[in-house]
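Notes follow the structure.
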Amino acid sequence: MSNLIHNNAIVNDEWTTVTLPAGEEVVRKQAGKVVMFKLTGEQTCTPEQIAATVIPENGKIIVPLSVWLARKAELAPRLAKGELGIWLATHEVLESLIDAVDDINQLPIIAVFVERFADGRIFSIGTLLRTRYGYKNELRAFGDVLRDQLFFLKRCGYDSYLIRADRSAEEALASLQDFSQPYQGAVDETQPVWRRVQR
Amino acid sequence: MYKYDEIDQAIVDQRVDQYRDQVRRFLAGELSDEEFRPLRLQNGLYIQRHAPMLRIAVPYGTLSSRQLHKLGDIAQRYDRGYGHFSTRTNMQLNWPKLEDTPDILAELATVQMHAIQTSGNCIRNITTDQFAGVAPDEIIDPRAVAEIIRQWSTFHPEFALLPRKFKIAVSGTRQDRAIVQAHDIGLEFYYDEQQKMAIKVWVGGGLGRTPILGSVICEHLEWQHILTYCEAVIRVYNLHGRRDNSFKARIKILVKALGIDEFRRQVDEEWQHLKDGPNTITEAELARVSQYFTAMPYENLPAHDAGYDSAIASNPAFAAWTKRSVHAHKQPGYRAVTLSLKPHGKAPGDITSEQMHVVAGLAEKYSFGELRVSHEQNVILTDVKLSDLYSVWEIARANGLATPNIGLLTDIICCPGGDFCSLANAKSIPIAEAIQMQFDNLDYLHDIGELELNISGCMNACGHHHIGHIGILGVDKDGSEWYQVTIGGKQGNDASLGTVIGRAFAAEEMPGVVQRLIEVYLRERTDEERFIDTVRRIGITPFKEHVYARQEDATHV
Ligand code: HEM
Ligand code: SF4
């Protein structure tokens, strides 16, 4: 059973998410504790990893931003066919994605990878893509995506959620209905409550 | 005060349902500890030393009698018959059962209360000063703005999982009593040269293990733009604040790393896109919310009351209480009254269920059914007639709520410390109690005059020790409890952080150390000086010498 929610329904995933080959994961420590988050803008993959990334010959693919940046020439025909999307992780700089394509809406899908539930950068990234950069196509959250983020993700412009494999997408779907009237304007409902209804 | 409409009520009710289901999933093993943690935290539930601790929001410190009665009932039924008011004007219950917390929240929802965003890495309870709406030095009643910010920040989707907690304070008076400089964002209302109301925005203040006073990021903001401007600030923080180390994750660290000028540049750039957008506050919305905070139906009263004056003249105990607990009011014939939650020898800020009902009753009878909580951890009746003060005092006194120590040394601000908190280095409540007993002589206490003494059980600084005139911090030395002393801290427009006087002390030394600090003050002060003024004038050296001289004597004998 698929764990992908798109437009409020559980659907099969027609995209293949291309990942970088495992590199050497340097465990960083600070005061004896493992450092858990990557800092904004931090470089986390090597040219070797990018070069070694295996791109499937056919079908729709979502490639890492770093791979797109380094292997544009090779991948451009796939983009032209509408079979290429790009994903970035929350610590990557959104502007480098914006600069990497002529028109952001050439991309049929953008996916944002969140390594840890508690990483709220994903919300600002979605909001900026939808509001600042006018992105209109599918916007997907994947990684440590659980039902309790969905309501917020939706309000920040995401319409596609790949629920973590060990959790039920069906239950997660229900949580999109947790709240009826939000107070503040955000991406999905731009007007704050006092502009929407006579209070 | 603000009254919920169906929309507000639905949000709180739906939150209870959502939380009930989260607790169910946790108890059924469907959610791991790590996954449940951010969820319970956003509902005010900590897991502490003995039991869970539930923190209930008291938005900008305002409560109705009905709400306080309910809190009294809840503390009785689900806890051990008392609650604790925190320095962020929330109420904490120290002994609820996890399984009961959904029911507690459901009960709170019936009186328009909740525990939403009282902890966790999100925008927390908005605070202001306890005299909002009645202060003679008022520029604006900040509660309407605070309520608008409360609603906007409730489940703000973009800021649901920030790098760290985020605290916003609003000051609407000339004298800042909301400590705007010690908050992540501080909004300070003032009149500009054209006598137009404007806001000075402070950013990046905070105490904790890296105490920093805020910097001014915007000198002149108009009220319409509060929400969009805050969005710009918090967005820059959300994207770029550190998430690798929770000790370095507050906005103050980012502001310091970038420098205020670069931080301001980034915020302004962001704000250009948000300014005048949909979240811009309209006149209509401000007016809608403000109607809940209009002046009480005051009687037209003379500025003096003969009965009150003669009670003061004839009853020294009453006179002593009025001197400390009765505050100026913008309406003639009315006063604000602070009920002390600092009786000597008890945990500062604690209030029993019985007392909650008494206070709620007092407010019903004498103060339009409303009351406030202060960050000094006391409760306030804001609108009492002069002619009623004596009756209020009698009832308060009979219930242990009239210790005449407001603003004095024993009005100690204190965190729960090692008795309850699992992060503590040392106990704080017993230190507060021992100091209170040392200064139990009221005449002496009044002679010492205004003094703020703050105690935190660890560097998280929940007791605001950095801005205490005397600050006490629990530290751990090889597994035993020690206390470090700072002097010269201050809240207000001329806020400052205290300076450490020297090596730490053992618990039993503490009352003596405070005594010695006071001795220097009494020796050095001029007629007009408060403790803090003397410290600022003569510096810490004389204090240090006197305190440690005694130490030396002791060891040399
Ligand atoms: C017993 C449970 C409590 C726990 C586990 C707790 C934990 C913490 C922690 C970890 C911080 C530091 C956060 C940071 O600097 O990023 C903090 C700050 C703070 N706490 Fe608590 N706290 C507790 C109770 C209280 C109480 C009872 C009060 C009020 C009396 C309080 C008031 C504050 C305030 C005002 C700060 C902000 C200091 C600042 O500006 O950085 N806390 N708390
Ligand atoms: S200051 Fe430390 S000991 Fe006191 S409540 Fe805060 S975290 Fe606990």
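Miscellaneous remarks
Let's see how each residue does on (1) more than 16 Å from ligand 2 (Cβ to nearest atom); (2) more than 23 Å from residue B:45 (Cα to Cα); (3) at pLDDT below 95; (4) not assigned by TED's automatic domain parsing to the domain that holds residue B:437:
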residue	(1), (2), (3), (4)
B:334	yes, yes, no, yes
B:346	yes, yes, yes, yes
B:356	yes, no, no, yes
B:359	yes, yes, no, yes
B:362	yes, yes, no, yes
B:368	yes, yes, no, yes
B:375	no, no, yes, yes
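- Checked against the criterion of being more than 7 Å from chain B (Cβ to nearest Cβ), among the hydrophobic types (A, V, I, L, M, F, W, C) and over 20 Å from residue B:21 (Cα atoms), the candidates A:193, A:187 yield just one match: A:187.
- Single residue of segment A:177-199 satisfying the filter (under 19 Å from residue A:112 (Cα atoms) and not charged (D, E, K, R)) that is surrounded by the most Cβ atoms within 10 Å (Cβ to Cβ): A:186
- When segment B:175-219 is filtered for residues that are more than 22 Å from residue B:473 (Cα to Cα) and basic (Lys, Arg), the ones remaining, listed by number, are B:177, B:196, B:200.
- When segment A:36-68 is filtered for residues that are among the polar types (S, T, N, Q), more than 14 Å from every other protein chain (Cβ to nearest Cβ) and part of a loop (DSSP other than H, G, I, E, B), the ones remaining, listed by number, are A:43, A:46, A:53, A:58.
- Applying the set (1) within 13 Å of ligand 1 (Cβ to nearest atom); (2) in contact with a helix residue (DSSP H, G or I) (Cβ under 6 Å, 6 or more places away or on another chain); (3) within 12 Å of chain A (Cβ to nearest Cβ) to residue B:207 leaves exactly one unmet item: (3).
- Scanning segment A:94-131 for residues being within 14 Å of chain B (Cβ to nearest Cβ) and within 26 Å of residue A:147 (Cα to Cα) gives a total of 20.
Residues checked against (1) crowded, with 24+ Cβ neighbours inside 10 Å; (2) assigned to a helix (DSSP H, G or I):
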site: B:459; (1), (2): no, no
site: B:462; (1), (2): yes, no
site: B:466; (1), (2): yes, yes
site: B:476; (1), (2): no, no
site: B:482; (1), (2): no, no
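Matching residues to (1) of a type in the set (Phe, Trp, Tyr); (2) within 14 Å of chain A (Cβ to nearest Cβ); (3) not in a helix (DSSP H, G or I):
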{"residue": "B:162", "(1), (2), (3)": "no, yes, yes"}
{"residue": "B:175", "(1), (2), (3)": "no, no, yes"}
{"residue": "B:186", "(1), (2), (3)": "no, no, yes"}
{"residue": "B:189", "(1), (2), (3)": "yes, no, yes"}
{"residue": "B:195", "(1), (2), (3)": "no, no, yes"}
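- Qualifying residue in segment B:394-413 (condition: in a loop (DSSP other than H, G, I, E, B) and within 16 Å of ligand 2 (Cβ to nearest atom)): yes
- Within segment B:415-426, restricting attention to residues that are crowded, with 24+ Cβ neighbours inside 10 Å and within 7 Å of ligand 1 (Cβ to nearest atom), the residue that is farthest from the chain's Cα centre (by Cα) is B:416.
A quick yes/no check of all residues on (1) in contact with a Leu (Cβ under 9 Å, 6 or more places away or on another chain); (2) more than 10 Å from ligand 2 (Cβ to nearest atom); (3) more than 28 Å from residue B:326 (Cβ to Cβ); (4) not aliphatic (A, V, I, L, M):
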| position | (1), (2), (3), (4) |
| --- | --- |
| B:419 | no, no, yes, yes |
| B:424 | no, no, yes, no |
| B:432 | yes, yes, no, no |
| B:456 | yes, no, yes, yes |
| B:472 | yes, yes, yes, no |
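- Within segment A:139-155, one or more residues are among the β-branched types (Val, Ile, Thr), in contact with a Phe, Trp or Tyr (Cβ under 8 Å, 6 or more places away or on another chain) and over 19 Å from residue B:15 (Cα atoms).
- Restricting segment B:393-403 to residues that are surrounded by fewer than 22 Cβ atoms within 10 Å (Cβ to Cβ) and not hydrophobic (A, V, I, L, M, F, W, C), the residue that is nearest to ligand 1 (Cβ to nearest atom) is B:400.
- Which numbered condition residue B:30 misses (of (1) of a type outside the set (Gly, Ala, Ser); (2) more than 9 Å from every other protein chain (Cβ to nearest Cβ); (3) more than 29 Å from the chain's Cα centre (by Cα); (4) over 15 Å from residue B:99 (Cα atoms)): (2)
- Residue in segment B:37-63 that is farthest from residue A:117 (Cα to Cα), counting only those that are surrounded by fewer than 23 Cβ atoms within 10 Å (Cβ to Cβ), within 13 Å of chain A (Cβ to nearest Cβ) and within 16 Å of ligand 1 (Cβ to nearest atom): B:41
- Number of the condition not met by residue A:140 [criteria: (1) in contact (Cβ under 8 Å) with a residue 24 or more places away in the chain; (2) surrounded by fewer than 19 Cβ atoms within 10 Å (Cβ to Cβ); (3) among the charged types (D, E, K, R); (4) more than 9 Å from every other protein chain (Cβ to nearest Cβ)]: (2)
- For segment B:278-311, taking the residues that are surrounded by 14 or more Cβ atoms within 10 Å (Cβ to Cβ) and in a loop (DSSP other than H, G, I, E, B), the one that is farthest from the other protein chains (Cβ to nearest Cβ) is identified as B:305.
- Residues within segment B:110-135 that are farther than 23 Å from residue B:291 by Cβ and in a loop (DSSP other than H, G, I, E, B), tallied: 10
- In segment B:72-91, residue farthest from ligand 1 (Cβ to nearest atom) [restricted to those that are basic (Lys, Arg) and farther than 16 Å from residue B:114 by Cα]: B:77
- Beta carbons closer than 7 Å, at least 6 apart along the sequence or on distinct chains, pair a first residue in segment B:426-437 that is assigned by TED's automatic domain parsing to the domain that holds residue B:482 with a second that is in a helix (DSSP H, G or I) and more than 15 Å from ligand 2 (Cβ to nearest atom) for B:431/B:510; B:434/B:510; B:434/B:511; B:435/B:510; B:435/B:511; B:435/B:514.
- Criterion (of a type in the set (A, V, I, L, M, F, W, C) and touching a Phe, Trp or Tyr at 6+ places or on another chain (Cβ under 8 Å)) met by exactly one of A:125, A:98: A:98
The values are calculated or read from the model by the stated rules, or taken from the named source; none is laboratory data. Here the structure is a predicted model, which is why all the values come from computation and not from measurement. Virtual Cβ from ideal backbone geometry, glycine too; neighbours counted across all protein chains shown.
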